[in-house]
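One structure is given below, represented as structure tokens, and several questions about it will come after.
The values are calculated or read from the model by the stated rules, or taken from the named source; none is laboratory data. Fair warning: this is a prediction, and the values are worked out from it, not measured in the lab. In this analysis, Cβ positions are derived from the backbone assuming ideal geometry, glycine residues included, and neighbour counts consider all displayed protein chains.
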Amino acid sequence: MESRHGEGGLSDCRLYLITPPKLEPRAFSEVLKRALDAGDVACLQLRLKDVSDDEIARATEALMPLAQARDVAFILNDRPDLAAKLDCDGVHIGQEDGSYADARAAVGKNAIVGVTCHNSRDLAFEAGEAGADYVAFGAFFPTETKDAKTQADIELLQWWAETMTVPCVAIGGIAVENAKPLIEAGADFLAVSSGVWNYKDGAAAAVKAFNALMQGAP
């Protein structure tokens, strides 16, 4: 999960896909394959709330090979213990999901650990200093996927991009229609769920459209 650093004239920004809140692994696998084959994707986060560990494991077993075969990092939401057990590429933790140190201890030094920092510079500094592989800011727009606790502004992205080297992820209600200002502000990754899976022309078309935006950004 790396940004492109402007290689070949491209924007640094890459796509960070988050699964729908509910899915049937076999059926979703077909949608996912088409989406991942449609353009550059940095990683896929499996985000399933209020389900059993067995359901998370089944979804991981179905989806992780599809991502990894395409050099897409597979990130598990919230559960460092399961991320380690299932041999995921990393874990994403919120502020209520335990400490960065505990997550790192669970998944090991080589795995990706990302941290939700809402709209807080202090939380982002703390996570970055501790060694997080990325910090996530949001929500930038209203979102149907989750009840956003905070509203973040584009100036926060600009400030982080100008002053820090730890990559930042923008999250929250991001769609093809509203993504360009976030790309231009310096987001390293755009975390998108419904903006891809519910896109009017299908998920693959959404991935193509996001990549076109990222390649056209200054």
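Any residue at all in the stretch 30-39 that's acidic (D, E), in contact (Cβ under 8 Å) with a residue 12 or more places away in the chain and surrounded by 14 or more Cβ atoms within 10 Å (Cβ to Cβ)?
Checked the stretch 30-39: no residue is acidic (D, E), in contact (Cβ under 8 Å) with a residue 12 or more places away in the chain and surrounded by 14 or more Cβ atoms within 10 Å (Cβ to Cβ).
Of all residues in the stretch 107-124 being outside any loop (DSSP other than H, G, I, E, B), of a type outside the set (S, T, N, Q) and under 23 Å from T19 (Cα atoms), which is nearest to the chain's Cα centre (by Cα)?
Selected residue: G114.
Of all residues being more than 30 Å from Q215 (Cα to Cα) and charged (D, E, K, R) in the stretch 40-52, which is surrounded by the most Cβ atoms within 10 Å (Cβ to Cβ)? Just the residue, please.
Selected residue: K49.
In the stretch 121-154, which residue that is modelled with pLDDT of 95 or more, farther than 20 Å from L182 by Cβ and of a type outside the set (G, A, S) is surrounded by the fewest Cβ atoms within 10 Å (Cβ to Cβ)?
Looking at the filtered set, the residue picked out is D122.
State the number of residues belonging to the stretch 170-207 that are assigned to a helix (DSSP H, G or I) and either among the acidic types (D, E) or surrounded by fewer than 18 Cβ atoms within 10 Å (Cβ to Cβ) (or both).
5
Report yes if A106 is in contact with an Asp or Glu (Cβ under 9 Å, 6 or more places away or on another chain), more than 24 Å from V196 (Cβ to Cβ) and of a type in the set (A, V, I, L, M, F, W, C), otherwise no.
The answer is yes for A106.
Hey, among the residues in the stretch 53-103 that are β-branched (V, I, T) and under 16 Å from Y16 (Cα atoms), which one's surrounded by the fewest Cβ atoms within 10 Å (Cβ to Cβ)? So that I can check it myself, show each step before the final result.
Filtering the stretch 53-103 down to residues β-branched (V, I, T) leaves 56, 60, 72, 75, 91, 93.
Cutting the leftovers down to under 16 Å from Y16 (Cα atoms) gives us 72, 75, 91, 93.
Details: V72: 22, I75: 29, V91: 26, I93: 26.
The qualifying residue surrounded by the fewest Cβ atoms within 10 Å (Cβ to Cβ) is V72.
Name every residue in the stretch 146-171 that is among the β-branched types (V, I, T) and more than 17 Å from V115 (Cβ to Cβ), in order of residue number.
Residues satisfying the conditions are I154, T163.
Just checking, does the stretch 128-145 include any residue being more than 22 Å from L32 (Cβ to Cβ), assigned to a helix (DSSP H, G or I), free of Cβ contacts under 8 Å to residues at least 12 places away in the same chain and not β-branched (V, I, T)?
There is at least one residue in the stretch 128-145 that is more than 22 Å from L32 (Cβ to Cβ), assigned to a helix (DSSP H, G or I), free of Cβ contacts under 8 Å to residues at least 12 places away in the same chain and not β-branched (V, I, T).
L157: assigned to a helix (DSSP H, G or I), touching a helix residue (DSSP H, G or I) at 6+ places or on another chain (Cβ under 6 Å) and crowded, with 19+ Cβ neighbours inside 10 Å, yes or no?
Yes.
Looking at the stretch 184-213 only, could you name the residues that are among the hydrophobic types (A, V, I, L, M, F, W, C) and either under 13 Å from the mean Cα position of the chain (by Cα) or closer than 23 Å to T116 by Cα (or both)?
Hits for the stretch 184-213 are A185, A187, F189, L190, A191, V192, V196, W197, F210.
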